[in-house]
1. For segment 244-303: of the residues being under 27 Å from Pro129 (Cα atoms) and among the small types (Gly, Ala, Ser), which is modelled with the lowest pLDDT?
2. Given the structure, is Ala83 crowded, with 22+ Cβ neighbours inside 10 Å, touching a residue at least 24 places away in the same chain (Cβ under 8 Å) and not acidic (Asp, Glu)?
3. Looking at Leu59, Leu55, Leu30, Leu13 in this structure, which one is open to solvent by less than 80 Å² (accessible area, probe 1.4 Å) and outside any helix (DSSP H, G or I)?
4. Enumerate the pairs (first residue in segment 62-75 and under 17 Å from Val100 (Cα atoms); second residue anywhere and among the basic types (Lys, Arg) and modelled with pLDDT of 95 or more) with beta-carbon separation below 7 Å, excluding pairs fewer than 6 apart on the same chain, so at least 6 apart or on different chains.
5. Could you grab me the full set of residues in segment 141-162 that are in contact with a Phe, Trp or Tyr (Cβ under 7 Å, 6 or more places away or on another chain) and in a helix (DSSP H, G or I)?
6. Out of (1) in contact with a Pro (Cβ under 8 Å, 6 or more places away or on another chain); (2) over 25 Å from Asn54 (Cβ atoms); (3) hydrophobic (A, V, I, L, M, F, W, C), what's the single condition that is false for Val112?
7. Filter segment 33-52 down to residues that are within 28 Å of Asp213 (Cα to Cα) and part of a loop (DSSP other than H, G, I, E, B) and give me whichever is most open to solvent (accessible area, probe 1.4 Å).
8. Show the residue pairs meeting these rules: Cβ distance below 6 Å; 6+ apart or different chains; first residue within segment 266-291 and on the phi > 0 side of the Ramachandran plot; second residue open to solvent by less than 60 Å² (accessible area, probe 1.4 Å) and of a type outside the set (Gly, Ala, Ser).
Amino acid sequence: RPFAEGVCRKLWLPLGDCTVTTFADGEVSLTINESVRGSDVFLVQSTCKPVNNNLMELLIMIDACRRASAGRITAVIPYFGYARQDRKAKSRDPISAKLVANMLVAAGVDRVLTMDLHANQIQGFFDIPVDNLLGNPVFVDYYAKKFGERAEDMVVVSPDVGSVARARTFAQKLHMNLAIVDKRRQKANQCEVMNVIGDVKGKDCILFDDMVDTAGSLCNAAKAIVEVGGANKVYACASHGVLSGPAIDRLESSNIEELALLDTIPAHPEAVRARIKYLSVASMFSEAIERTYQEVSISKLFR
């Protein structure tokens, strides 16, 4: 709700009037207290923890708006849950991201607006328009102001091979060099060996990832670039702060100076302890919503 209110403030609009409660058995109960007939409706809901409750709430809200004759329904999903289950990694695995896409379309949504999908090809799981906004410009702006001209002497580090393309784009915009943390097991049941590809010796580094869940990979990568690569200071940033399980404790005891996260997921109550700073993307979403409503291009927001 605070995120939706932030978007509304940027648009000089009131938040739609609806009441969401649950029955005694946990079923979602929903009432829309104003007319949406013929309206362009934007439903703001991150499918973060509790994932299934939030997803069901969104589906029921879409159905309610469709049955109330809304003109067009856009699901604004700052954090798209189940996005990590985007392929069959082994036999008899589900592809849950595709299932969620099917459910949204079946509920009656006309388009989806999200940010930094875990895998870009998830856009192809939908047969409706999907706008995948990028958090990159927000981080570029933040670090350019934070470090100024010193930024060109810093290094962007990808915590694993899978995030290299994302980190490379970020590094190019800040005119920084790129390094990669490569982790591998030499033999079964042996400890992972961390190798740093690229020169980080004596440099300040920015670890760049798309999400922080239990923070294991991020903290291990930070440790590796200091102990193996000889880096000076380590900063980190990621689009989505899932922060489940031991994440806060790991971040608190890590050598990461500061972790910058976008507010696509509500702020963790113990964020200060883990040296977490939240950056707002409400203005980016408000502009995307306004452009969608006016039927003009939103490609400017990708630059």
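The values are calculated or read from the model by the stated rules, or taken from the named source; none is laboratory data. Since the structure is predicted, the reported quantities are computational estimates derived from the model, not experimental observations. Ideal geometry is used to build each Cβ from the backbone, glycine not excepted, and the neighbour counts take in all protein chains shown. Heavy atoms of the whole protein, side chains included, go into the accessibility calculation; ligands, DNA and RNA do not. Shrake-Rupley method; radii C 1.70, N 1.55, O 1.52, S 1.80 Å.
1. Filtering first and then ranking leaves Ser299.
2. Spelling it out, Ala83 is indeed crowded, with 22+ Cβ neighbours inside 10 Å, touching a residue at least 24 places away in the same chain (Cβ under 8 Å) and not acidic (Asp, Glu).
3. The conditions single out Leu30.
4. Filtered contacts from segment 62-75: Ile73/Arg66; Thr74/Arg111.
5. Ala151
6. Val112 satisfies every listed condition except (2).
7. Lys49
8. Pairs that qualify, where the first residue is on the phi > 0 side of the Ramachandran plot and the partner is open to solvent by less than 60 Å² (accessible area, probe 1.4 Å) and of a type outside the set (Gly, Ala, Ser), are Arg275/Glu258.
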